[in-house]
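Scroll down for the structure; my scribbles are underneath it.
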Amino acid sequence: MIEQSQLKEDIVQAAQNVRANNPMAGSITNTVTIDFVANAQLAAGGSAAMVYLPDEGETLVAAGGAVYLNMGTLFPVYEETIPRTAAAAQAAGKPWVLDPVGIGIGSLRTKLLSQLKEYKPAIVRGNASEIIALAGLWDLSGSAEDLSRARGVDTTDTVEAARDAAVALARFTGGAVVVSGKSDLVTDGKSVVISHGGSSLMGKVTGFGCSQGGVLAVYATQTDPFTAAVAAVNHYNFSGRAAAAKAAAPASFKAAFLDSLYLATPEDIANNSMEIQEA
């Protein structure tokens, strides 16, 4: 289990590197939230590029340090784009982030998520029901029947209920898994971090989960998957809490949140309230 002092030191270094290097992390993401994903990546210190064609996905991998694949609002072309992009990232040794949005909806989504198992994402993020369902689909924890509990984008499970599934996924991929909720869980299969903060207003604006995936990819360009995952989650939770102190309604909160992402210092991010436990 990692020591908190070491983790904080690693987070500070990762955040400093993101701000210094302005790394590009391309995205193939939910059309509902493209704008928010890109602006969150920019505010966090990275650079954004959004595409959807197969050859463009492979170009993203070649040009950037990481790539984010979000399963929301699938188009037929994604049947080719998503696996080709994941395969290119694996072949190039570059980290990629998977967000299994809407797992359990439709045959194409299930087919693609089944295929993506072999490419082992560096980071998986989702709500509790999505993480449980993905672990079941990949035969790592539970069963494929868990797909039925994750229809839509809202969770029907608690973060703690997804703990075993998250640990199993992380041990399989060798990377990190993020389970979003009131307090977020991050694990690399050895340690579990519970990160606190955020705001209930995050649930009143579409795209907070998707945009976090993009920021996870930005951090993944600069450090190992576990440090990247905790840093991005802490960055979000600190910024959500800071934004809620300035705004009381969804639209103003979203703007205040992007400002807070931009203004948060590496020390703010590292010192966000968190607990470290054994997996």
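The values are calculated or read from the model by the stated rules, or taken from the named source; none is laboratory data. Since the structure is predicted, the reported quantities are computational estimates derived from the model, not experimental observations. Positions of Cβ are backbone-derived with ideal geometry, glycine not excepted, and every protein chain shown enters the neighbour counts.
Details
- Residues in segment 87-109 that are over 22 Å from residue 24 (Cβ atoms), in contact with a helix residue (DSSP H, G or I) (Cβ under 9 Å, 6 or more places away or on another chain) and buried (at least 17 other Cβ atoms within 10 Å of the Cβ): 6 in all.
- Cβ separations smaller than 7 Å between residues 6+ apart or across chains give the following pairs from segment 231-247 residues that are in a helix (DSSP H, G or I) to residues that are of a type in the set (D, E, K, R): 233/184; 237/184; 238/268.
- Search result, residues across segment 114-136 that are hydrophobic (A, V, I, L, M, F, W, C) and out of contact with any Ser or Thr (no Cβ under 6 Å at 6 or more places or on another chain): 116, 122, 123, 124, 131, 132, 133, 134
- Within segment 29-67, if we keep just the residues that are within 20 Å of residue 14 (Cα to Cα) and part of a loop (DSSP other than H, G, I, E, B), the residue that is modelled with the lowest pLDDT turns out to be 64.
- Residue check, residue 113 assigned to a helix (DSSP H, G or I), touching a Phe, Trp or Tyr at 6+ places or on another chain (Cβ under 9 Å) and in contact (Cβ under 8 Å) with a residue 40 or more places away in the chain: yes
Conditions tested, residue by residue: (1) among the charged types (D, E, K, R); (2) surrounded by 20 or more Cβ atoms within 10 Å (Cβ to Cβ); (3) touching a residue at least 60 places away in the same chain (Cβ under 8 Å).
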position	(1), (2), (3)
1	no, no, yes
21	no, no, yes
34	no, yes, no
44	no, yes, yes
52	no, no, no
63	no, no, no
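- Residue 22 being more than 18 Å from residue 237 (Cα to Cα) and touching a Cys at 6+ places or on another chain (Cβ under 9 Å): no
- Residues considered: 218, 186, 193, 178. Of these, the only one that is in a helix (DSSP H, G or I), modelled with pLDDT of 95 or more and of a type in the set (Val, Ile, Thr) is 218.
- Matching residues, segment 88-109, being assigned to a helix (DSSP H, G or I) and more than 19 Å from the chain's Cα centre (by Cα): 88, 91, 92, 107, 108
- Test: residue in segment 265-275 that is touching a Gly at 6+ places or on another chain (Cβ under 8 Å), within 24 Å of residue 49 (Cα to Cα) and not acidic (Asp, Glu): no
- Long-range neighbours under 6 Å by Cβ, at least six apart or interchain, first residue within 19 Å of residue 214 (Cα to Cα) within segment 255-279, second among the polar types (S, T, N, Q) and assigned to a helix (DSSP H, G or I): 257/239; 258/39; 260/239; 261/239; 264/239; 266/16; 269/234
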